[in-house]
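Novice: Before we start, here is the structure in question, set down as structure tokens.
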Amino acid sequence: MRTEKKGSAGSWFKAMDNKQLEELSRLLDHELGLGESETDKPPVSDDEPVRAAHRALRHYLRTLGTWDDDEPPTALAQRTVAFVRQHGEPVAPFGRSLRVREYAQTVTPAQTRTRWLLGNLRDAIAVAACVLFVFMLSRPALKRAQQIAQKQYCASQLLKVGEALAAYGEDYHWQLPFAGRSEGSKWWYVGGQDDDHVSNTRHFFLLTKGGYVPTRVFLCPNARPSKPPTRVIMDASTLEAMNDFPSRDHVNYSFRLMVQGNNPVWRRQAETLVATDQNPLFANFDVLRNETLDLADHAELEEANSPNHGGRGQNVLFLDGRVAFTHQRRVGLGADDMFTIRKMRRYRGVEVPAAADDTFIAP
């Protein structure tokens, strides 16, 4: 039985979780020159298993890079042609005698069918093996291409949200949509249709309710809902009776927390964030069963990226209508962490930033 040496790359792989494997994959993409840009260099990992596996794989890659092909002998082609000319003639009669002997054999119909079946079976197996081999070689590249395509499609969705915000601004003196606030209501309670639950998504639902953009634009192609969302037909009469998206499964983006009297103006302060892929802090938070989210109990969330793209980063919509993909959470004015309120580690869903330059992308 094969056993792996202690500390080998293979032994680290078995002990890694999905997050560690994703981080190792980003490091190897950069090592092999497969990153999205030459300047997009992943940070050195703080995780010891990831660093160890990365060092081992780099060693193997360097070893492969030192492989030298042997030089062919001098005048190999001329020597081969001369050999064939010298020894080719005696081989021909021998080949003819083999064919005569083969044709002279008596072959029954059953043997003919058996040979035909075996020959076709061998061909089918060979073709299947070739197809499987090519598929296994191309699978990482296809997966990478799919991720890039989904990320670009997600960016186009946010661009459409930006276009809707621009159209809304033309009708409302360049103000962002604001549905008001209810005292004590929680901004994380998505789906409540009564006046007691005013979520932060309710403000941006006005874009759909006002006919500026269809509801499907708020869905990221890479988001994975916990269960298939309930189908809701958004006709004019249904929208008139609704005040918010039906549920979190119907909106995969998070938006700047809207506060009365302290909301930015469209197309001013271009570096100000207005929407991003879903906030990772509350992606798995059950708002019906839990009253508080304490980051002291979830330290991993303080550096997590949006789950929409497997934790690799998030698309960001700015106030000037452009969209950019970033691997960082500290973006925009003052390089502020967009997914948290400054110096806030315990959330009940009613908190608001104390300063105007503290951007908070609420769920």
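Novice: Run down Leu319, Leu295 and say which single residue is modelled with pLDDT of 85 or more and either acidic (Asp, Glu) or crowded, with 16+ Cβ neighbours inside 10 Å (or both).
Specialist: Leu319
Novice: Just name the residue that is modelled with the lowest pLDDT out of those in the stretch 26-52 that are surrounded by 11 or more Cβ atoms within 10 Å (Cβ to Cβ) and within 21 Å of Leu301 (Cβ to Cβ).
Specialist: Pro42
Novice: When you go through Gly184, Gly210, Gly261 one by one, which is the residue that is free of Cβ contacts under 8 Å to residues at least 40 places away in the same chain, more than 23 Å from Ala155 (Cβ to Cβ) and not polar (S, T, N, Q)?
Specialist: Result: Gly261 is the single residue among Gly184, Gly210, Gly261 that is free of Cβ contacts under 8 Å to residues at least 40 places away in the same chain, more than 23 Å from Ala155 (Cβ to Cβ) and not polar (S, T, N, Q).
Novice: What is the residue count in the stretch 235-253 for residues that are surrounded by 11 or more Cβ atoms within 10 Å (Cβ to Cβ) and over 8 Å from Gly191 (Cα atoms)? Working first, answer last.
Specialist: Taking the stretch 235-253 and keeping what is surrounded by 11 or more Cβ atoms within 10 Å (Cβ to Cβ), we get 238-239, 242-253.
Now drop any that are not over 8 Å from Gly191 (Cα atoms), which leaves 238-239, 242-243, 249-253.
Qualifying residue count, the stretch 235-253: 9.
Novice: Please state which one of Val161, Val232 is at pLDDT 75 or above, of a type outside the set (Phe, Trp, Tyr), surrounded by 11 or more Cβ atoms within 10 Å (Cβ to Cβ) and touching a helix residue (DSSP H, G or I) at 6+ places or on another chain (Cβ under 8 Å).
Specialist: Answer to the selection: Val161.
For every residue, the table says whether it meets (1) in contact with a Leu (Cβ under 9 Å, 6 or more places away or on another chain); (2) part of a loop (DSSP other than H, G, I, E, B); (3) in the same structural domain as Ser254 (by TED's automatic domain parsing).
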| residue | (1), (2), (3) |
| --- | --- |
| Tyr168 | yes, no, yes |
| Trp187 | yes, yes, yes |
| Gly192 | no, yes, yes |
| His197 | no, yes, yes |
| His203 | yes, no, yes |
| Leu206 | no, no, yes |
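Novice: Quick one: would you say Arg329 is buried (at least 20 other Cβ atoms within 10 Å of the Cβ) and of a type in the set (Lys, Arg)?
Specialist: Considered against the rule, which asks whether it is buried (at least 20 other Cβ atoms within 10 Å of the Cβ) and of a type in the set (Lys, Arg), Arg329 comes out as yes.
Novice: Next question. Exactly one condition in (1) under 19 Å from the mean Cα position of the chain (by Cα); (2) closer than 18 Å to Pro363 by Cα; (3) not in a strand (DSSP E or B) is false for Thr276; which is it?
Specialist: (3)
Novice: Could you please let me know if Asn315 is in contact with a Cys (Cβ under 6 Å, 6 or more places away or on another chain) and either outside the structural domain of Ala166 (by TED's automatic domain parsing) or part of a strand (DSSP E or B) (or both)?
Specialist: Working: in contact with a Cys (Cβ under 6 Å, 6 or more places away or on another chain): yes; either outside the structural domain of Ala166 (by TED's automatic domain parsing) or part of a strand (DSSP E or B) (or both): yes.
So Asn315 passes the test.
Novice: Kindly establish whether Arg322 is within 17 Å of the chain's Cα centre (by Cα) and in the same structural domain as Leu176 (by TED's automatic domain parsing).
Specialist: Against the criterion (within 17 Å of the chain's Cα centre (by Cα) and in the same structural domain as Leu176 (by TED's automatic domain parsing)), Arg322 does not qualify.
Novice: Just to verify a result, which residue in the stretch 1-25, among those that are part of a loop (DSSP other than H, G, I, E, B) and either closer than 21 Å to Gly310 by Cβ or modelled with pLDDT of 70 or more (or both), is farthest from the chain's Cα centre (by Cα)?
Specialist: Filtering first and then ranking leaves Met16.
Novice: Which condition from (1) of a type outside the set (A, V, I, L, M, F, W, C); (2) modelled with pLDDT of 90 or more; (3) buried (at least 21 other Cβ atoms within 10 Å of the Cβ); (4) touching a Lys or Arg at 6+ places or on another chain (Cβ under 9 Å) is the one that Asp277 breaks?
Specialist: Going through the list (1) of a type outside the set (A, V, I, L, M, F, W, C); (2) modelled with pLDDT of 90 or more; (3) buried (at least 21 other Cβ atoms within 10 Å of the Cβ); (4) touching a Lys or Arg at 6+ places or on another chain (Cβ under 9 Å), Asp277 breaks only (4).
Novice: Continuing with the same structure: Being of a type outside the set (Val, Ile, Thr) and closer than 18 Å to Val251 by Cα narrows it down to one residue among Gly310, Gly321; which is it?
Specialist: Exactly one residue qualifies, and that residue is Gly310.
The values are calculated or read from the model by the stated rules, or taken from the named source; none is laboratory data. For clarity, every value in this text was computed on a predicted model and none was experimentally measured. Note that each Cβ is placed from the backbone with ideal geometry, even for glycine, and that neighbours are counted across all protein chains shown.
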